[in-house]
1. Testing the spin-label approximation: label points 7 Å from Cα along Cα→Cβ at ALA123 and ALA73. State their distance in nm.
2. Quick check on the range 7-48: take the gyration tensor over C-alpha atoms, sort the square-rooted eigenvalues as a ≥ b ≥ c, and tell me if it's rounded (a/c under 1.5), prolate or oblate.
3. From the helices alone, meaning DSSP H stretches of at least four residues, give me the mean residue ellipticity at 222 nm for the chain, per-run term -39500 (n - 2.57), in deg cm²/dmol to the nearest 500.
4. Suppose all protein chains stay in the model; what accessible area per residue would a 1.4 Å probe give for the chain, in Å²?
5. Dividing the convex hull volume of the alpha carbon atoms of the chain by its residue count, what do you get in Å³ per residue?
6. Between ARG94 and SER8, what is the label-to-label distance in nm when each label sits 7 Å out along the Cα-to-Cβ direction?
7. Please report the carbon-and-sulfur percent of the accessible area for the chain; probe 1.4 Å, protein heavy atoms only, DNA, RNA and ligands left out.
8. In nm, what is the difference between 0.36 nm times the number of residues separating THR116 and THR131 and their Cα-Cα distance?
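The values are calculated or read from the model by the stated rules, or taken from the named source; none is laboratory data. Note that this is a predicted model, so its numbers are computed, not measured. A quick note on method: Cβ atoms are made from the backbone with ideal geometry, for glycine too, and the neighbour counts reach across all protein chains shown. Each accessible area value is taken on the protein alone, full model and side chains, heavy atoms only, with ligands, DNA and RNA left out. Shrake-Rupley method; radii C 1.70, N 1.55, O 1.52, S 1.80 Å.
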Amino acid sequence: MTPVALRSATPADSEFCFELHKAAMGDYVTAIWGWDEQRQREYHARSFNPGHWQIITTGGTDIGMIDVEYRPAEIYLSRVEVHPSYQGHGIGTRLISALIDEATHKGQDLVLEVLTVNRRAQALYRRLGMTEVATHGVKITMRSAQPHRAGRS
């Protein structure tokens with residue numbers, strides 16, 4: 001099992017996070033909107049949040065990022081990206097499972113959105129017990145329902 005750790009992102013991580021997004025999500029972005037380097041850089045400049053994002057590391061190497069919002073009624077996974085060369089090693093499974101466990105402990109659901117074209121991520125989330133609760137445009141909302149709230153959408 002690949003050991004992973006999280007560290008707070010810093011402004012110096014901006015280019016790493018942009019290149020990570022390009023590597024991990026570029027094919028999906030291209031399939032939906034087409035990849036426009038300038039637009040993607042502008043989007044990144046608006047969304048990069050070093051005060052909130054965390055960098056996923058293994059063996060001292062930066063391999064991904066995660067952004068989690070703790071809302072009053074749920075935990076919202078805003079974004080998670082693992083570099084393709086580290087995908088398939090259980091890293092995403094461990095991170096998502098830990099968030100589901102944390103949400104369960106708090107009596108909440110884990111909620112996230114996934115692109116409709118990202119079948120691999122959808123399969124992971126379903127395998128971890130998450131269910132589709134809505135589709136809007138190019139995104140699917142998924143939720144890990146608590147037993148006492150099952151069936152809620």
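1. In this crude label model, ALA123 to ALA73 measures out at 3.4 nm.
2. Values: a/c = 2.85, a/b = 1.78, b/c = 1.60.
Prolate, since a/c reaches 1.5 and a/b exceeds b/c.
3. So the calculated ellipticity at 222 nm is -11500 deg cm²/dmol.
4. On the way: 8180 Å² over 153 residues.
Result: 53 Å² of accessible area for each residue.
5. 120
6. About 2.3 nm separates the two model spin labels.
7. Looking at the chain in its full context, I get 52 percent from C and S.
8. Details: separation 15, 0.36 × 15 = 5.40 nm, distance 1.37 nm.
Computed gain between THR116 and THR131 is 4.0 nm.
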